[in-house]
Amino acid sequence: MSSPKFEEGTWVKEKTGTTGMTVISNIDGEVRCKFDDENGEPTENTFREEDLVPLND
């Protein structure tokens, strides 16, 4: 079993997106992220690990 590419607290975005998100869990390549939606409301969504890239500090 390989270790997850993104750990809890990692700052990421979708490869084709611009929204920065914080990883809250990563289980079997399914990455749960929290971020503010277009209305500024906090939300969570799940993404495939391969669809995300890390954001540098």
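The values are calculated or read from the model by the stated rules, or taken from the named source; none is laboratory data. Here the structure is a predicted model, which means the values were calculated and not measured. Glycine also receives a Cβ, built like all others from the backbone with ideal geometry; neighbour counts cover every protein chain displayed.
Brief remarks on what is shown
- All of (1) in contact with a strand residue (DSSP E or B) (Cβ under 7 Å, 6 or more places away or on another chain); (2) at pLDDT 95 or above; (3) outside any strand (DSSP E or B) hold for Pro4 with one exception: (2).
- Residue match in segment 22-38 (condition: outside any loop (DSSP other than H, G, I, E, B), of a type in the set (Lys, Arg) and exposed (fewer than 15 other Cβ atoms within 10 Å of the Cβ)): yes
- Selection within segment 1-16 - under 12 Å from Pro54 (Cα atoms) and either surrounded by 14 or more Cβ atoms within 10 Å (Cβ to Cβ) or touching a residue at least 40 places away in the same chain (Cβ under 8 Å) (or both): Lys5, Phe6, Thr10, Trp11, Val12, Lys13, Glu14
- Residue among Glu50, Glu44 that alone is exposed (fewer than 14 other Cβ atoms within 10 Å of the Cβ), charged (D, E, K, R), assigned to a helix (DSSP H, G or I) and in contact (Cβ under 8 Å) with a residue 12 or more places away in the chain: Glu50
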